[in-house]
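All remarks here apply to the structure that follows.
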Amino acid sequence: MTIDLPARPLKVAIIGGGPGGLSTAIALSRIPNVDVTLYEQATVLREVGAGISIGQNTWNVLELLGVADTLTSGHVTELIQISRNGKTGEELHRFERKELKKRPNLRTQRTKLQSALLSHVQPGVIQLGKKLIHLMDNEDHVELHFKDGTVTTADLVVGADGIRSVVRDTAWHGYEIKFTGTTIWRALLPWDDVKDLDPRFDTTAWWHLPTSHVYLSPVGEGLGEIAARQWQDPAIHSASKVSWGVPVSKEHVESHFTDYLPAIREVLRKVQEGDWREFAAFAGPELSRLTAWNNKVVLVGDSSHALSGAFGSGAGFAMEDGWILAQALSYHRNDLNKALPLFDAIRVPYYTRMYKHIQAEAAARENKLRELGDVSEEDRVKIKVIKDGGIDMSWIYENNIGEVWQARVESRT
Ligand SMILES: Cc1cc2nc3c(=O)[nH]c(=O)nc-3n(C[C@H](O)[C@H](O)[C@H](O)COP(=O)(O)OP(=O)(O)OC[C@H]3O[C@@H](n4cnc5c(N)ncnc54)[C@H](O)[C@@H]3O)c2cc1C
């Protein structure tokens, strides 16, 4: 008589507790025979940064993860968003919608998204204070070494450790990210301090100059967000730009926006000393596969596509990755050699499309500037903001990852 012993659970180690890691942990906990541990370097799980946009694509995946109803706080940005010239105040572009969708686009605090996700992670899954420093490919498993001296093993390592990923840099030897030249400064502040300064601050808006912008938006619960960014030639400024979420002084931030309207400068001045955080944007080349070491390592989220926050929807992409990974594993009953190629087949072309889009947009902008020759500052701002042809971006912002998965499964049957 033969007895069918239950298969040993698949041992999965997720590195990183951002949106990618948390959503992967949630999605994997729903599928049979998987033993998940999430290792996060921080000793307290805390989001750095200020606000985050939740668009339709992100709502779609939050629904699939069962988290959508938990995310209840934020400012509805869906009805109106405006782009203006930061020096003259001229309105350059207006996005307006008449009716709200069931789940309208929101700008919320990053911590709200994180705590909503966290509340759906099974108890005991997360280990804090675990900074991964090294990985080893040991034929049928991966060995993980942490800074505290501990070592563990896993059948599958999910690199959800962000744009400066140790998992990616180990398993994709030679991969390099580079400073893009863009530095972002972000802060939250009481919105009452801002909204009365100028009636135009009622609305979520971008205030632009040719190589910088200041984004102002309420984020709910009486708070507002400033995300100010500036591009400087990376050939000159790269050496000092390794910061990610580090505190910087008011004076330092304000010095980059002296050409802006007095009201904008006044908003910047309202931020309390110690509240600004600086983020240097890095980007890296496209990966042709998001899986490595014979299907024992997979990347999700920012580690898998170092696009430095392009499209403003990276948390959504990270959660889509996590959800698709779980579907692929479930579909192939935890057979890594089938599930991981399926994950690649779905996600790689999507990221390829993003890289192509960014390249095409940059080329179009360059061409336009070349065509026009000597253009005024005002025209440079217009070229930056107003894109010809109204490119359809629904493949990003309306992406329904559940339907993408369904279509893929149907095409295989
Ligand atoms: C300025 C800016 C604005 C943005 N705005 C938006 C927006 O509006 N909407 C949106 O959807 N996205 C936005 N994004 C993108 C979004 O923040 C990221 O895409 C998203 O956070 C990626 O999630 P992730 O889980 O892949 O990585 P991360 O959020 O970076 O999380 C990685 C986690 O891994 C941990 N970690 C790192 N290394 C290790 C290690 N060695 N060992 C253990 N743990 C480790 C980190 O501590 C962290 O908790 C923006 C990004 C930027 C820079």
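The values are calculated or read from the model by the stated rules, or taken from the named source; none is laboratory data. What you are looking at is a predicted structure, and each value in this text was computed from that prediction instead of being measured. Methodologically, a virtual Cβ is constructed for each residue, glycine included, from the backbone with ideal geometry; neighbour enumeration extends over all protein chains shown. What goes into the accessible areas is simple: the full protein's heavy atoms, side chains included, and nothing from ligands, DNA or RNA. Shrake-Rupley method; radii C 1.70, N 1.55, O 1.52, S 1.80 Å.
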With the dipole of the chain defined by +1 on each Lys or Arg Cβ and -1 on each Asp or Glu Cβ, the option from Ser288, Ala326, Leu132 whose Cα lies farthest towards the positive pole is Ala326
Can you give me the C-alpha center-to-center distance between region 49-128 and region 303-372, rounded to a whole angstrom?
20 Å
If amide hydrogens are placed 1.01 Å from N in the peptide plane, which non-local residues have theirs closer than 5 Å to the one on Ile14?
Thr37, Leu38, Tyr39, Val158
Applying the Karplus parametrisation 6.51 cos²θ - 1.76 cosθ + 1.60 with θ = phi - 60° to the phi angles of region 338-345, what ³J(HN,Hα) value in whole Hz is obtained for each residue in order, glycine and proline being reported as x?
9, 5, 5, x, 5, 4, 4, 5
Of Asn33, Thr108, His120, which is farthest towards the positive pole of region 1-159's charge dipole, taken about the Cα centre with +1 and -1 on the beta-carbons of Lys, Arg and Asp, Glu respectively?
Thr108
Could you sort out which of Lys147/Lys178; Lys178/Lys356; Lys98/Lys195 sit more than 21 Å apart by Cα distance in this structure?
Lys147/Lys178; Lys98/Lys195
How large are Rg and Dmax for region 1-126 when calculated on the C-alpha trace, in angstrom?
19.9, 84
Amide H within-cut-off set for Glu221, under 5 Å, with H built and near neighbours excluded
Gly74
Which whole-Hz ³J(HN,Hα) couplings does region 257-272 yield from phi under the Karplus relation 6.51 cos²θ - 1.76 cosθ + 1.60, θ = phi - 60°, glycine and proline marked x?
10, 5, 7, 7, 3, x, 5, 5, 5, 5, 4, 4, 5, 6, 5, 6
Where a ≥ b ≥ c are the square roots of the eigenvalues of the C-alpha gyration tensor, would you call region 133-175 rounded, which needs a/c under 1.5, or, failing that, prolate if a/b is larger than b/c, or oblate?
oblate
Give me the percent of the accessible area of region 174-301 that comes from carbon and sulfur atoms, probe 1.4 Å, all protein chains in place.
51 percent
Mind ranking Arg370, Arg186, Arg408 by accessible surface for me, highest first, 1.4 Å probe?
Arg370, Arg408, Arg186
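Suppose only helical runs count, i.e. DSSP H with n ≥ 4. What mean residue ellipticity at 222 nm does that imply for the chain under -39500 (n - 2.57) per run, divided by all residues and rounded to the nearest 500 deg cm²/dmol?
-10000 deg cm²/dmol
What is region 42-98 by shape, rounded, prolate or oblate, if you read a ≥ b ≥ c off the alpha carbon gyration tensor as root eigenvalues and call it rounded for a/c under 1.5, prolate for a/b larger than b/c, and oblate otherwise? Show your work: numbers first, answer last.
Numbers: a/c = 3.54, a/b = 1.60, b/c = 2.20.
Oblate is the answer for region 42-98, as a/c is 1.5 or above yet b/c matches or exceeds a/b.
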For the chain, what relative contact order do you get, as a whole percent, if you take Cα pairs closer than 8 Å and at least 6 residues apart?
21 percent
Accessible area (Å², per residue) of the chain, counting only protein heavy atoms and a probe of 1.4 Å:
47 Å²
How large is the accessible surface of His256 in square angstrom, using a 1.4 angstrom probe and rounding to the nearest 10?
40 Å²
Positive-end residue of Pro9, Val67, Leu209, charge dipole of the chain with Cβ unit charges:
Pro9
Largest first and in whole Å, what are the equivalent-ellipsoid semi-axes of region 78-168 based on the Cα gyration tensor, each being the root of 5 times an eigenvalue?
44, 18, 13
One would report the Cα pair-distance distribution of the chain, bin width 20 Å, in %, as 25, 56, 17, 1, 0
Where the Cα atoms of region 259-299 are projected onto their three principal axes, how long is each span, largest first, in whole Å?
57, 22, 11
Computed magnitude of the charge dipole of the chain (debye, nearest 20; Cβ of K, R +1, Cβ of D, E -1):
280 debye
Coordinate range along principal axes, alpha carbons of region 136-247, Å, largest first:
63, 38, 21
Taking max minus min of the Cα coordinates of region 225-325 on each principal axis, largest first, gives extents in Å of 55, 31, 22
Looking only at Cα atoms, what is the convex hull volume of region 254-411 per residue, in Å³?
176 Å³
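Which percent, to the nearest 5, of DSSP beta bridges fully inside the chain are antiparallel?
75 percent
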